[in-house]
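Every number in this text was worked out from the coordinates using simple rules, so none of it is lab data. Just so we're clear, the structure is a prediction, and the values are computed from it rather than from any experiment. As a convention, Cβ positions derive from the backbone with ideal geometry for all residues, glycine included, and neighbour counts pool all protein chains shown.
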Amino acid sequence: MPVINWNLPKMVSKAYAPLFTSNKRYIVYKGSRGSGKSEAAARKAILDIVTKPYVNWLILRRYANTNRQSTFTLLQKVATQLGVSGLFQFNSSLPEITYKPTGQKILFRGADKPLSITSISVETGNLCRLWVEESYQLESEEAFDVVDESMRGVIDDPNGFYQTILTFNPWNERHWLKRRFFDEDTREPNSLAFTTTYRDNPFLDDAYVNRLLEMKIRNPRRARVAVDGEWGVAEGLIYENTIVEKFDVREVVNNARIVRGIDWGYGPDPTAFIEYAINTRTKDVYIYKEMYKKHMLTDEIFKWLYVHGHQQGDIRADYANGGDRMI
Ligand SMILES: Nc1ncnc2c1ncn2[C@@H]1O[C@H](COP(=O)(O)OP(=O)(O)OP(=O)(O)O)[C@@H](O)[C@H]1O
Ligand SMILES: [Mg+2]
């Protein structure tokens with residue numbers, strides 16, 4: 001056996017120490033772009049294989065075919081950097097990684113192919129480590145549970161334990177990951193959850209950091225997640241693919257379907273009105289008239305519609321919750 005000098009403080013920043021010291025069932029890292037999550041998890045995968053003969057890894061992504069370009073390549077790079085790549089056999093066509101001295105495996109799967117996961121068996125030791133990379137992409141908590149539950153049974157080593165690592169960018173606070181691992185009242189008891197940012201990654205170059213910092217000015221909503229690693233706030237946002245630009249209203253209403261809608265509110269939700277043109281051919285929607293105001297009384301709403309020329313023409317509105325009276 002080769003003598004390997006694992007110098008943890010040199011391998012990863014302090015923020016990732018729990019990956020190497022904790023026996024908790026779940027260790028979860030949400031974080032900004034480039035905070036070092038993937039690199040740290042990859043280092044743990046290699047280290048656990050070499051130092052714990054019972055360990056086999058399953059590396060899961062939303063789509064199986066994305067593993068080769070990401071997690072597999074990263075593990076290969078990290079094994080080389082740690083000076084142990086000669087101990088591994090890298091089969092990129094499967095993909096699969098084998099630790100040559102014992103036959104321990106690092107397997108790669110996708111949540112899009114659940115059957116390929118439930119049927120896994122390993123030759124030596126146990127399948128007792130799971131890394132869900134970019135776990136934000138797993139929209140289904142059930143899909144996660146199916147895979148996670150497949151890690152069970154008696155571990156050969158008396159000191160052995162099961163462990164699942166999750167790494168992701170927290171794009172939206174409505175994700176099941178928040179409830180499951182971060183919210184006080186509902187989080188998994190046997191788990192650790194952390195937030196890391198580019199500040200936890202001493203390996204980044206200045207150009208990358210500067211681009212992140214620019215994003216804070218240019219696109220604060222995205223920067224909240226990408227730069228600060230905080231949960232993205234949905235604020236009822238439905239359409240992401242919108243742009244604000246000048247256009248000629250006469251042009252867009254030509255041959256378009258004109259639609260008007262009103263959403264009754266008062267406070268905290270405002271009353272909202274929009275008028276827009278749908279180009280049925282291109283499926284583009286042009287919103288050219290909006291009203292968005294809190295604390296409007298019924299006759300103020302009526303007056304606004306009257307003054308803006310809407311005493312004729314259809315307006316769609318919600319009939320429920322008092323909407324019938326307003327209509
Ligand atoms: N432990 C490390 N050793 C050497 N380089 C590192 C290490 N951690 C991070 N890096 C460097 O920082 C870069 C970003 O790290 P990494 O890809 O792990 O970030 P991430 O948190 O996974 O980002 P994203 O959210 O975009 O996936 C890597 O490409 C690598 O160059
Ligand atoms: Mg990553």
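For residue 259 and residue 242 in one chain, what is 0.36 nm times their gap in residues minus the Cα-Cα distance, to one decimal in nm? Intermediate results must be reported in sequence, preceding the final value.
On the way: separation 17, 0.36 × 17 = 6.12 nm, distance 1.78 nm.
Computed gain between residue 259 and residue 242 is 4.3 nm.
Beyond 29 Å between alpha-carbons counts as too far, so tell me which of 37/283; 10/30; 178/289; 100/178; 37/216; 14/113 fall in that bin. Beyond 29 Å between Cα atoms: 37/283; 178/289; 100/178; 14/113.
Charges were assigned to the Cβ only: +1 to each Lys and Arg, -1 to each Asp and Glu. The resulting dipole of the chain about its Cα centre is roughly 820 debye. Give the separation of the Cα centroids, segment 92-166 to segment 197-211, in Å. Rounded to whole Å, the Cα centres lie 31 Å apart. Charges were assigned to the Cβ only: +1 to each Lys and Arg, -1 to each Asp and Glu. The resulting dipole of segment 185-265 about its Cα centre is roughly 320 debye.
With the simple model of a label 7 Å out from the Cα in the direction of the Cβ, residue 213 to residue 312 spans 6.0 nm.
As a test, work out the antiparallel percent of DSSP beta bridges whose residues both lie in the chain, rounded to the nearest 5. Don't skip to the end; give the middle numbers.
Values: 24 of 53 bridges.
Around 45 percent antiparallel, to the nearest 5.
With θ taken as phi - 60° and the Karplus curve 6.51 cos²θ - 1.76 cosθ + 1.60 applied, the whole-hertz 3J(HN,Hα) list for segment 70-84 is 10, 5, 4, 4, 5, 5, 4, 5, 5, 4, 5, 4, 7, x, 10 Hz, x standing for glycine and proline. Seen against the Cα atoms of the chain and their longest principal axis, helix 206-218 is set at about 20 degrees.
Applying the criteria of a DSSP loop state and at most 11 other Cβ atoms within 10 Å to the chymotrypsin sites (Phe, Trp or Tyr not before Pro) of segment 163-263 yields 203, 239, 247. Under the rule that an exposed site lies in a DSSP loop and has at most 12 other Cβ atoms within 10 Å, name the longest stretch of the chain with no GluC sites (Glu not before Pro) of that kind, not counting the sites themselves. With GluC sites (Glu not before Pro) excluded where exposed in loops, the chain gives 1-122 as its longest stretch.
How high is the relative contact order of the chain, in percent, counting Cα pairs under 8 Å that sit 6 or more residues apart? Walk me through the numbers before you get to the answer.
Numbers: 522 pairs, mean separation 58.3, N = 327.
Contact order relative to length: 18 percent.
Helical content alone sets the calculated 222 nm signal of the chain at -7000 deg cm²/dmol, taking -39,500 (n - 2.57) per DSSP H segment of four or more residues and averaging over every residue. Loop-only check: which chymotrypsin sites (Phe, Trp or Tyr not before Pro) in segment 42-145 are DSSP coil with at most 15 other Cβ within 10 angstrom? Passing sites in segment 42-145 are 63. Please return the longest stretch of the chain lacking exposed loop sites, where trypsin sites (Lys or Arg not before Pro) count only if DSSP places them in a loop and at most 13 other Cβ atoms lie within 10 Å. So the longest stretch without any such site is 1-151. Rounded to the nearest Å, what's the spacing between the alpha carbon centres of segment 236-315 and segment 25-41? Just the number, please. Using only Cα atoms to place each centre, the spacing works out to 42 Å. In this structure the amide hydrogen of residue 196, modeled in the peptide plane, comes within under 5 Å of the amide hydrogens of 30, 31, 32, none closer than 5 places in sequence on its chain. With the contact rule set at Cα under 8 Å and sequence spacing of 6 or more, what percent relative contact order holds for segment 249-326? Reported as a whole number, the value is 30 percent. Which angle between 0 and 90 degrees, to the nearest 10, do you get for helix 37-51 versus the longest principal axis of the chain when only C-alpha atoms count? Tilt of helix 37-51: around 20 degrees.
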